[in-house]
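Asker: Structure provided below as structure tokens; questions to follow.
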Amino acid sequence: MKYPVFKDLIIFENEDFLVVNKPPFLATLEDRTPNTTNLLKLAKQHNPNLQACHRLDKDTSGCLVFAKNPEAYRHLSMQFEHREVYKVYHAVAWGVHKFEDRLVNRSILAGAKGVAKLTPQGKPAETYFTTLESYSRHTLLECMPVTGRLHQIRVHLAFLGAPIVGDELYGGEPLYLSSLKRKFNLKQQTEEQPLIKRFALHSHTIGFRLMNEEPIKIEAPYPKDMAVLIKQLRQYS
């Protein structure tokens, strides 16, 4: 894998914080894959003082905040702890759904193998869902998690019968262009690839208070794979 240049990922920076648009397929912190890099490693090569204030799943793209000093790290950690950070994700889900501030309030338990499940024995988890665009068999959703549990948005959408495209762990099948486009011809001896090679989830907006208490909101544009997916859905629905 060709690793991105860290400074090219930066979408906001001041003296205390730095926000990047995390690319998909890159872990935030160390993961179990040997000989791979991660976003924190790339960040520390850019500036050794950077600390990741939260994390995104390896396949999730979008807004990720780093603190440049311990005070900034503490300041934002407290906002996460008190659920004062504004977080908006976009997901492409299977099925046509009309959600308007639909709340899922279901506890989540993180399993031993990194798989989350809904159970009253888990930790409280709340997410709000709103439909942004509907297509013939899919929906672009705005997801606003109140809490930050393992795979929270993915599990809550599966519970609603709206699993994320490409999220096979939680019932979301891959999406192929041949299923959208009527006259689709694949070259012989080639196997069709899915439109997106991960689950279609993007951390679109993050909002928090800076050190001077000024509120700020940062938006991360879609990466290429998510943009292409949405374009094809708009075109063929």
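Asker: Within the stretch 89-191, what whole-number % of the accessible surface is contributed by carbon and sulfur, with the 1.4 Å probe and all protein chains included in the calculation?
Answerer: Heavy-atom surface of the stretch 89-191 belonging to carbon and sulfur, 1.4 Å probe: 48 percent.
Asker: How high is the relative contact order of the stretch 50-121, given as a whole-number percent (alpha carbon pairs under 8 Å, six or more residues apart)?
Answerer: Result for the stretch 50-121 is 17 percent.
Asker: What does the C-alpha gyration tensor say about the overall shape of the stretch 1-108? Classify as rounded when a/c is under 1.5, otherwise prolate if a/b is larger than b/c, or oblate.
Answerer: oblate
Asker: Taking the mean number of other Cβ atoms within 10 Å as a proxy for protection, how do you rank 165-173, 177-185 from highest to lowest?
Answerer: Going from most to least packed, we get 165-173, 177-185.
Asker: For the stretch 45-149, how big is Rg over Rh, using alpha carbon atoms and the Kirkwood form of Rh?
Answerer: Taking Rh as the inverse mean 1/r over Cα pairs, Rg/Rh reads 1.03.
Asker: If you keep only loop residues by DSSP, which GluC sites (Glu not before Pro) in the stretch 45-124 have at most 12 other Cβ atoms within 10 Å of their Cβ?
Answerer: Details: sites: Glu71, Glu81, Glu84, Glu100; in loops: Glu84, Glu100.
Sparse-neighbourhood loop GluC sites (Glu not before Pro): Glu100.
Asker: Further, regarding this structure: Taking the convex hull of the Cα atoms, report for the stretch 133-233 its projected area averaged over all directions, in nm².
Answerer: Mean projected area of the Cα convex hull: 8.6 nm².
Asker: How much accessible surface area, in Å² rounded to 10, belongs to the heavy atoms of Arg106 with a 1.4 Å probe?
Answerer: Rounded to the nearest 10, that gives 110 Å².
Asker: I would also like to ask the following. Based on the alpha carbons, how large is the Rg to Rh ratio for the chain when Rh follows Kirkwood? Each step should come with its number before you reach the end.
Answerer: Values: Rg = 18.4 Å, Rh = 18.8 Å.
Here the Rg-to-Rh quotient is 0.98.
Asker: Along the Cα→Cβ direction, 7 angstrom out, place labels at Gln79 and Lys44. What is the inter-label distance in nm?
Answerer: 2.5
Asker: List, in order, the whole-Hz ³J(HN,Hα) value for each residue of the stretch 165-176 obtained from phi through the Karplus relation with A = 6.51, B = -1.76, C = 1.60 and θ = phi - 60°; use x for Gly and Pro.
Answerer: 3, x, 8, 5, 4, 10, x, x, 6, x, 10, 10
Asker: Would you mind calculating the gained length between Lys2 and Lys183 on full extension (0.36 nm times residue separation, minus the Cα-Cα distance), in nm to one decimal?
Answerer: In short, 61.7 nm is gained.
Asker: What lysines sit close enough to Lys41 to cross-link, taking a C-alpha to C-alpha distance under 21 Å and skipping anything fewer than 8 places away on the same chain?
Answerer: By straight Cα distance, Lys41 reaches Lys2, Lys7, Lys22, Lys58, Lys68.
Asker: If R0 is 22 Å, what FRET efficiency do you get for Glu213 and Ile10 from their C-beta distance, rounded to 0.05?
Answerer: 0.45
Asker: Over the stretch 13-135, give the accessible area per residue in Å² for a 1.4 Å probe, as an integer. Write out the running numbers ahead of the final one.
Answerer: On the way: 6460 Å² over 123 residues.
Per residue, the stretch 13-135 has 53 Å² of solvent-accessible surface.
Asker: Please provide three numbers in whole Å: the alpha-carbon extents of the stretch 105-188 along the principal axes, with the largest listed first.
Answerer: Reported extents, whole Å, longest axis first: 50, 30, 16.
The values are calculated or read from the model by the stated rules, or taken from the named source; none is laboratory data. Not measured: the values here are computed from a predicted model. Cβ sites come from the backbone with ideal geometry, for glycine too, and all protein chains shown count toward neighbours. Note: accessible area is taken over every heavy atom of the protein model, side chains too, but ligands, DNA and RNA are not part of it. Shrake-Rupley method; radii C 1.70, N 1.55, O 1.52, S 1.80 Å.
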